[in-house]
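Take a look at the structure below.
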Amino acid sequence: MSAATLPSWGRYPATDQRGRDCHWREDIERQLGAIDTTLVYGQGRSYGDVCQASSGRVLRLSGLDRVLAADWQRGVLRVEAGMTLEALLALCIPRGWFPPVVPGTRQVSLGGAVANDVHGKNHHRRGTFGRHVRKLTLYRSDRGWLECSPELEQELFEATVGGLGLTGVIAEVELALMPIRSSRITCFQTRFGSLDEFAALCTDLDQTHEYTVAWLDCQSEAGRGVLSAGNHCDDGELVVAPGRGLGIPFTPPLSLVNRLSVGLMNPLLYRLQGRRRRATRDYAPFFFPLDNIRNWNRLYGPRGFQQYQCVIPAGDAPGAIATLLQQIRRHRQGSFLSVLKPCGDLRSPGLLSFPLPGISLALDFPWHPRLAALFATLDQVVAEAGGRLYPAKDAHMSADLFQAGYPAWERLETLRDPALLSRFWQRVTGVGRT
Amino acid sequence: MRVLVIGANSAIARACARRWAARGNDLLLVARNAERLARTAADLDPRGTGSVLQYPLDLDRIDDHEGVLRSCFEAGPVDLVLVAHGSMADQALARDDSRLALADLHTNALATIALLTNLAPRLERQGHGRLAVISSVAGDRGRPSNYPYAAGKAAVDAFCEGLRGRLFQSGVGLTLIRPGRVATPMTEGLAAPLGLQTTPEVVARDIVRALDRGRDTLYTPRYWAPIMWLIRHLPTVLFKRLDF
């Protein structure tokens, strides 16, 4: 049992959570039998309570990080699910391969990437992570070891992709990679003055660019921001980026992200990075800018922070997002990092996958009791627009909002391993509540 | 370079072997559990290693050492040998149960000494190479909480100190490695001494670097060197009062 508590990335809600390590696959069998209900805790990069076991007792698979088979000709890699994306990148980049989908940090486990069906800056081209998973090996308390894929145990596969780790312990992942000829990215940056301009820019740039994402000045009236687009370079070196840079060594007693700093930084960022420009960059700062500041979540102080990430269906997206921004200003809240991302129409196999064709918006807020009122207003806007929230980032959504956004949740519940239960699942379904 | 890794299924050995594999070294892996050994080898193979050979061997069976080591050295010179096997019984029980204490002593001390005795003349004949032996900070001084384990490590430490002098005459090096508490299957569920615990990856990085530089001893992580200096120099009248 680990001595320290294992928090979620937002460090809210704060719970006392302890873990047991699994080093070999036999350990999973032993541990899953030993506890009433548990949950796998990967790298602790989900923000809210999807990584918190209702029992407060989790399994860690950090020792299960082996390569099982590698086919460098076809670009197929079979690994244990505790391997991090960072370790996977170090293996495949020198051989000219890259994961087809990477989220905003490489500090995630592959099991976590499957369980949350993560997406990246190329959602419009490649969909979610789960689309590139060829096979999964699960261990279930009621059925033992089993393999699932889009062909084999299809229903279980679809429930497991984006299934929040509830359908069995994901022990092994087989992933199809994509070829690259350089580890560098050619990127292009431009400002936009409004959300409509953003939508128009995306329609244009999505045709010619593999990756698009935008930073939004959430305090601006019209919704101005900076859009970056990128492609893998056609030729060049295949070099693994060095490890992380500086870290935040301790948690400051108060959040350093507050109304004052956000108010100062947002206009400054707009001015600094705004100019229209082209450049080639290393893949790491392009995909994982925050990985360079280890433990950046500590900046939010001991009370932590909450992320609000929603996706709004295409038709009405700019209008609904403008309303969200208006509400945030009205509540006198500011988000330091606001990210807009166009989502495409490639369907994920996952039953509970988050993206919808439309626009996703992610906002970070330092935790404060007043957030509840703001989030309630935002939830209403999202619900009216037919959107939904991202479970991996969530610590507040109501059962109604969840069940309306993810009508397939009942199918997942029937396929859930009875020995696995998260606080999130308890909160949004009422299952296992006493 | 050909590297022989003994106790290859251990977390520290695996982390070291990954580094050597990425350099394109040839690996010879010895471990007790053959099925796990196959998984360890499969993990190393796609990382760029020259070749990976597997030799299942229960190191407690000292009579079996000769056959395996002979075949390891027959195929060509061995440039580096990492001795990483070990075990640790529940120390609270081992303090009052001689069978438990002696079983650990057999694995950690007797089997290791037998292995080193077998390896020494082979390396001497080669006239080059390096032995890397994983001991522990525990071997520096017996503490009430783990002296049965510490005794085995201390025996290996003294043995290695002498062996280093002998091998030096024929151009063979010996690095004694003293890790602090590392999160591995062996230490699962134990409280970390002084709250200090590290990962096999950090220890492996230190070990590989120390071997590249031909160091005689290594405390890893490095902060253990001053801590253990203090502990070694604490007067016994004080030390015996510290129940830790």
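The values are calculated or read from the model by the stated rules, or taken from the named source; none is laboratory data. This structure is a prediction, so every number in the text was calculated from the model and none was measured. Virtual Cβ from ideal backbone geometry, glycine too; neighbours counted across all protein chains shown.
Points to keep in mind about this one:
- Residues within segment B:217-227 that are without any contact (Cβ under 8 Å) to a residue 24 or more places away in the chain, in contact with a helix residue (DSSP H, G or I) (Cβ under 8 Å, 6 or more places away or on another chain) and not basic (Lys, Arg), tallied: 0
- Top-ranked residue of segment B:105-135 - restricted to ones that are in contact with an Asp or Glu (Cβ under 8 Å, 6 or more places away or on another chain) and of a type outside the set (A, V, I, L, M, F, W, C), ranked as surrounded by the most Cβ atoms within 10 Å (Cβ to Cβ): B:Ser135
- Check on B:Val137, within 13 Å of the chain's Cα centre (by Cα) and more than 19 Å from B:Asp60 (Cα to Cα): yes
- Elements of type strands (runs of 3 or more DSSP E) contained in segment A:266-378, each with 2 or more residues being among the charged types (D, E, K, R): A:277-282
- Where helices (runs of 4 or more DSSP H) fall entirely within segment A:120-224, those with at least 2 residues that are among the hydroxyl-bearing types (Ser, Thr, Tyr) and either more than 27 Å from A:Leu412 (Cβ to Cβ) or modelled with pLDDT of 95 or more (or both) are at A:195-208.
- Checking the stated criteria, B:Leu44 turns out to be more than 19 Å from A:Cys22 (Cα to Cα), modelled with pLDDT of 95 or more and within 14 Å of chain A (Cβ to nearest Cβ).
- Applying a threshold of 8 Å to beta carbon distances and a minimum spacing of six or more residues, or different chains, the list of pairs starting in segment A:99-117 at a residue that is touching a residue at least 24 places away in the same chain (Cβ under 8 Å) and ending at one that is polar (S, T, N, Q) and not in a loop (DSSP other than H, G, I, E, B) reads A:Arg106/A:Thr84; A:Gln107/A:Thr84; A:Val108/A:Thr84; A:Ser109/A:Thr84; A:Leu110/A:Thr84; A:Val114/A:Thr160; A:Ala115/A:Thr160.
- Put simply, of B:Arg222, B:Arg241 the only residue that is under 22 Å from B:Ala92 (Cα atoms), in a loop (DSSP other than H, G, I, E, B) and away from chain A (no Cβ under 14 Å) is B:Arg241.
- Checklist (1) away from every other protein chain (no Cβ under 14 Å); (2) touching a residue at least 40 places away in the same chain (Cβ under 8 Å); (3) under 20 Å from B:Leu119 (Cα atoms) applied to B:Ala94, failing item: (3)
- Whether a residue is touching a residue at least 60 places away in the same chain (Cβ under 8 Å), in contact with an Asp or Glu (Cβ under 8 Å, 6 or more places away or on another chain) and surrounded by fewer than 23 Cβ atoms within 10 Å (Cβ to Cβ) was assessed, and A:Leu415 passes this test.
Results for (1) hydrophobic (A, V, I, L, M, F, W, C); (2) buried (at least 23 other Cβ atoms within 10 Å of the Cβ), shown as yes or no for each residue.
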position	(1), (2)
A:Phe354	yes, yes
A:Pro369	no, no
A:Gly387	no, yes
A:His396	no, no
A:Gly405	no, yes
A:Arg423	no, yes
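- Cβ-Cβ under 9 Å pairs, at least 6 apart or on other chains, segment B:1-22 side facing chain A (nearest Cβ under 10 Å), far side in a strand (DSSP E or B) and modelled with pLDDT under 95: B:Ala11/B:Val182
Here is a yes/no grid of residues against (1) within 14 Å of chain A (Cβ to nearest Cβ); (2) surrounded by 18 or more Cβ atoms within 10 Å (Cβ to Cβ); (3) in contact with an Asp or Glu (Cβ under 8 Å, 6 or more places away or on another chain):
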| site | (1), (2), (3) |
| --- | --- |
| B:Val137 | no, yes, no |
| B:Asn146 | no, yes, no |
| B:Val172 | no, yes, yes |
| B:Leu176 | no, yes, yes |
| B:Gly180 | no, yes, no |
| B:Ala183 | yes, yes, yes |
| B:Thr187 | yes, no, no |
| B:Thr198 | yes, yes, no |
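- Single unsatisfied condition, A:Glu147 versus (1) more than 14 Å from chain B (Cβ to nearest Cβ); (2) at positive phi: (2)
- Pair list, Cβ < 8 Å and 6+ apart or interchain, from segment A:178-203 residues that are in contact (Cβ under 8 Å) with a residue 12 or more places away in the chain and over 19 Å from A:Gly75 (Cβ atoms) to residues that are outside any strand (DSSP E or B) and among the β-branched types (Val, Ile, Thr): A:Leu195/A:Ile321
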